[in-house]
Amino acid sequence: MAISEDLYPSESDLLYEEEILRNPFSLKLWWRYLIARAHSPFKKRAIIYERALKALPGSFKLWHAYLRERLESVRHLPISNPQYQSLNNTFERALVTMHKMPRIWIMYLETLTNQKFITRARRTFDRALCALPVTQHDRIWAPYLAFVSQKGIPVETSLRVYRRYLKFDPSHIEEFIEFLIDSELWQEAAEKLASVLNDDQFYSIKGKTKHQLWLELCDLLTKHATDVSGLKVDAIIRGGIRKYTDQVGQLWTSLADYYVRRGLFEKARDIYEEGMTTVVTVRDFSVIFDSYTSFEDSALAAKMATLDMSDEEDENGLVNGDEAGEDARLEIGLSAEKFARKVLQGFWLNDDNDVDLRLERLDYLIQRRPELANSVLLRQNPHNVEQWHRRVKLFEGNATKQILTFTEAVRTVDPMKAVGKPHTLWVAFAKLYETHNDVANARVIFDKAVQVNFKNVDNLASLWCEWAEMELRHKNFRGALELMRRATAEPSVEVKRRVAADGNEPVQMKLHKSLRLWTFYVDLEESLGTLDSTRAVYERILDLKIATPQIIMNYALLLEEHKYFEDAFKVYERGVKIFKYPHVKDIWVTYLSKFVKRYGKTKLERARELFEHAVEKAPAEDVKPLYLQYAKLEEDYGLAKRAMEVYAKAAKAVPDNEKMNMYEIYIARAAEIFGVPRTREIYEQAIESGVPIKDVKSMCMKYAKLEESLGEIDRARSIYIYASKFADPRLEADFWSKWHAFEVDHGNTDTYREMLRIKRSVSASHSQTHFILPEYLMQKDQKLNLEETVDTLKRAGVPEDEMAALERQLLPSTPGDSSKKVGFVSAGVEGQPGVIRTSDGGRKVTTNQEDIELPEDSDEDDKVEISQKDVPASVFGELAKTVEDNRKRDGVSDGIKDKSSLGALERIKRQRQS
């Protein structure tokens, strides 16, 4: 065969050829030669590869590169091309020396797989597994399993391969099971799944739990019931029901579905019924019930479709014998099927038309749903009283079923574990007989009920009360009273001793101390018994020490109705001794009201003792109504002086939050009885009694209003001055506005200035003390500018000329003296204590004269000048005499004070006079 000249070495190849001739066994030289001819045609490179492999047949690098290039060269060719055969031969030649290289095997096996050579590929896979060590088999099995999983591979071949693979790695049995399911080999898939579930050492490499595998097995068994045999499906699914309680509904449905697919419909119904009567959750019940109704509905639809088809066949396929009217029993060649259709068709047992039965069965199932759902809830907690009552309501109209339900309920419910009130079951049971006019059986039910050991005494007491009410409804009054006597009778000593020996005290031993029972009993005695019997019951209640304040008041009221007033008061006395506050409060109020109403002033001393005792025992928060009642007694029947003493004690005894109200009552009563001037000392007492500051301000304002109404202007002003230290101008605008109005109506310039000075002083003290107040509160100060001050003085009645003089005084004395601040006036007041007029019109200040320096912004709007006061001479002691002697030597007379010690207003006046 002629070789193309292009395949021969060229002149550029001579260098490489000479090196190879010198050392043909050097892989480096061959590899350099191949790299240099990377862009040459593959045929030329193939010759180089063949020459290199002939010299180096054991080089993996050369073989791998050569085979990869051959694969690339045939990749675009069809499988039937002869190049593929040449490729396969190359792989075979390579495996002669590369049979231990798994990469070569994998390349060859993937090529054979793509060529669809099933037998050759399978045998090559087997050769690879035989040639390679076991440690490298996992690299061969992956493409091997992919190969046998292709379509067109015989199932038996795939099964044999998978079985071999499981011997190599049993942990991949899940893949085998999936293959079996995909291949529809249900029997073997079920057996493998069952073996996996029975293996306690099994670990799923896909992360599936035993529960998931169990559900897969159940699904497989139920959906392919006819294809799987040899496994006890019923036992397997029931085992799952016992083990996996969270999927009980689905497993019961799967078991019923298994029998449905097997054609055992009655067995499937039994499974559905068993499932609905055993599940304990509503969710599982809903799953089973929905599946059950779907089954019945589909069975009914299928039966109706079958009957329609059979009717058409009967109409179209009448036999000649029927047409002729012959007896079918005389026909000799009649088959069994025709005989059954002709002869036995009219017999009810062989009637296939059971549509009505199926309809009734479906309707009965739907009607039973509430009852079945209630049964599920009762299985969750059989001691749930409310669910038993709902179950009885389900059978409303069916007395027999209701009686059976009540009987089951009272047998099942344990009073110690009951959720709800177990005695209501007995009461409803007895009322059921009562509504059917069977009072005798109702009494039997109550008699059995009162012997039950309930958890609480109230349950047993309620039963006795219900029993007595039933007797009252049937006009058996004597029987009702006898029942109450039985119920309240104290157990004998012998019974107590026997119960103490047993160690388990039943609730019947505590029944005689039930307040509910005694309350009902005493109501019956008041309605049906005599006064003596009723009193005996009340006395028994008091002896047992179970009385309540209401019982005490009821007992006393009963005695009052029968004119036993002293006995009623004795009952009140016993009540106030038994109970403490706050329970005894109503008893005291009622007792004192009744006593005062009964005796009035005839037993005044006794009433006073009762009130004193009542207020002595009462706490501060409950003493007010008693004191008011006490004071009312003194006002009506006693002395006014004693009434005022009572009010005074009350004002001191009540809590701080009620002192203000109490003092207002005290003042009002004092004003009405003794006159308004008598209230002054009460006001002073209230102000000094320690009431809250806000109440002090309010009381001072009322006191000042009183003095103003009496014409005592100076006293009212003193009260305002006293209260001002409690009123922050930024917060108590109402107080200062009232003082402002007071000064406008009754004051003069000096008093008004004094008010402004006090206001600034209080504001300064509060601003220094309460420095943590918010900024908007610090700035919330009511200030008056000069114009407002002038307007105020004008409204106060100050003449215009004096106002002008005041304005001139407030201006700087000279134009050059602009540095002097305008707006500061003397704080001295005409007639103020500590200020003495001199002969020349000056003032000699004898009180404390400290310099008051206020922040500039605080006086920004008031524009009122404050004079500087001299320090009293007594402060300096001997130093004051030395200063006085120096002044005399300098020629300053005693009658004329130093200008530096004068106030601003006084200096202005002296300048004008000079």
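The values are calculated or read from the model by the stated rules, or taken from the named source; none is laboratory data. No experiment lies behind these values; they were computed from the predicted model shown. Methodologically, a virtual Cβ is constructed for each residue, glycine included, from the backbone with ideal geometry; neighbour enumeration extends over all protein chains shown. In case anyone asks, the SASA skips ligands and DNA or RNA and just uses the protein heavy atoms, side chains included. Shrake-Rupley method; radii C 1.70, N 1.55, O 1.52, S 1.80 Å.
Listing for the model above:
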| read-out | value |
| --- | --- |
| Segment ALA440-ARG379, extension gain: residue separation times 0.36 nm, minus the distance between their alpha carbons | 18.6 nm |
| Low-density loop positions, GluC sites (Glu not before Pro), the stretch 485-541 - DSSP coil, at most 13 other Cβ in 10 Å | none |
| Computed label-point distance, nm, for sites HIS613 and LYS649 using a 7 Å Cα→Cβ extension | 1.4 |
| Solvent-accessible area per residue for the stretch 41-178 (1.4 angstrom probe, square angstrom) | 51 |
| Heavy-atom accessible surface of the stretch 230-314: percent carbon and sulfur, 1.4 Å | 55 |
| Karplus-derived 3J(HN,Hα), 6.51/-1.76/1.60, for each residue of the stretch 519-525, Hz, glycine and proline x | 4, 5, 5, 5, 5, 5, 5 |
| Of LYS570/LYS603; LYS603/LYS632; LYS496/LYS580; LYS510/LYS563; LYS192/LYS223, pairs whose Cα-Cα distance is over 24 Å | LYS496/LYS580; LYS510/LYS563 |
| Per residue value of the accessible surface for the stretch 192-283 (all protein chains in place, 1.4 Å probe), Å² | 52 |
| Nonlocal amide H pairs with VAL584, under 5 Å, H built at 1.01 Å | none |
| Subset of LYS43/LYS100; LYS585/LYS624; LYS697/LYS759 violating a 19 Å alpha-carbon distance limit | LYS43/LYS100 |
| Amide proton proximity set for ASN384, modelled H, under 5 Å, gap of 5+ | VAL419 |
| Mean separation of Cα contacts under 8 Å, 6 or more apart, over the residue count of the stretch 643-743: relative contact order % | 18 |
| Separation in nanometres of the label points that stand 7 Å from Cα toward Cβ, at ILE578 and ARG238 | 6.6 |
| Carbon plus sulfur fraction of accessible area for the stretch 514-567, probe 1.4 Å, in percent | 51 |
| Residue-span extension gain [LEU731 to ILE35] - 0.36 nm each, minus C-alpha spacing | 240.5 nm |
| For the stretch 397-474 versus the stretch 650-671, the gap between their alpha-carbon centres in whole angstrom | 59 |
| Karplus (6.51, -1.76, 1.60) ³J(HN,Hα), θ = phi - 60°, over the stretch 147-158, in Hz, Gly and Pro reported as x | 5, 6, 8, 6, 5, x, 7, x, 4, 4, 4, 4 |
| Extension gain, ARG369 back to GLU17 (0.36 nm per residue minus Cα-Cα distance, nm) | 117.1 nm |
| Gap separating the Cα centres of the stretch 169-186 and the stretch 352-384, nearest whole Å | 42 |
| PHE265 paired with GLU490, simple spin-label distance in nm, labels 7 Å along Cα-to-beta-carbon | 7.5 |
| Long-range tail of P(r) for the stretch 159-279 (Cα pairs > 21 Å, %) | 41 |
| Value of D in µm² per second that Stokes-Einstein yields for the stretch 407-528, Kirkwood Rh from Cα pairs, at 37 °C (0.692 mPa s) | 217 |
| Fraction of accessible area attributable to carbon and sulfur, the stretch 569-659 (%, probe 1.4 Å) | 50 |
| Euclidean distance of C-alpha centroids, the stretch 208-284 and the stretch 543-570, integer Å | 73 |
| Within the stretch 678-725, chymotrypsin sites (Phe, Trp or Tyr not before Pro) in DSSP loop having at most 16 other beta-carbon neighbours inside 10 Å | none |
| FRET efficiency, ILE665 to PHE565 (Cβ-Cβ, R0 51 Å, nearest 0.05) | 0.95 |
| Loop GluC sites (Glu not before Pro), the stretch 51-144, which have at most 16 other Cβ atoms in a 10 Å radius of their Cβ (DSSP) | none |
| The stretch 546-705: radius of gyration over Cα atoms, expressed as a fraction of 2.2 N^0.38 Å | 1.18 |
| In sequence order, calculated HN-Hα J values of the stretch 128-145 (Karplus, 6.51, -1.76, 1.60; Hz; x Gly/Pro) | 5, 5, 6, 7, 7, x, 4, 5, 10, 5, 5, 6, 8, 5, 4, x, 5, 5 |
| Cα centre as origin, Lys/Arg/Asp/Glu Cβ charges: the stretch 555-652 dipole, Debye | 100 |
| Per residue, in Å², the accessible surface of the stretch 372-450 once ligands and nucleic acids are set aside, probe 1.4 Å | 51 |
| In Å, descending, principal axis extents of the Cα set of the stretch 460-570 | 50, 36, 20 |
| Alpha carbon convex hull of the stretch 706-766, volume per residue in cubic angstrom | 72 |
